[in-house]
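Working notes, structure below.
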């Protein structure tokens, strides 16, 4: 992996969504999106995705803990979609959910990110 613009995904999740290894996708968060992100298959729990920070923090609105002042950037909404908009995958807390073409914007859920 010669660059950090990647998302680590479970192989079964990738297959269910129709994604392939090293495919370039768009990763959407509630505050924006990252394009041309390379999918890296890995040994990761189904329903979770990992990305590098601080790069990926730009697409999320951090909730600030009132007591510690620490931003919460884990288990945040994410939608992964192909550049042509044909394949979509959302990551809820309990497992991966496939989104249909007409459902992509409203079907976002939680994901973990590597730190």
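Where a number appears in this text, it was derived from the coordinates with a stated rule and is not lab data. Because the structure is predicted, anything quoted here is derived from the model rather than measured. Using ideal geometry, Cβ is built from the backbone for each residue, glycine included, and neighbour counts are taken over all protein chains shown.
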Self-check item: Potential extension, residue 74-residue 31 segment - 0.36 nm per residue separation minus Cα distance
Solution: 14.0 nm
Quiz item: Extension gain residue 23-residue 38, at 0.36 nm per residue separation less the Cα-Cα distance, in nm?
Solution: 4.8 nm
Quiz prompt | residue 53 versus residue 16: modelled label distance in nm, points set 7 Å from Cα along the beta carbon direction | solution = 2.6 nm
Quiz prompt | Cα→Cβ-extended label distance, 7 Å offset, between residue 46 and residue 3, nm | solution = 3.1 nm
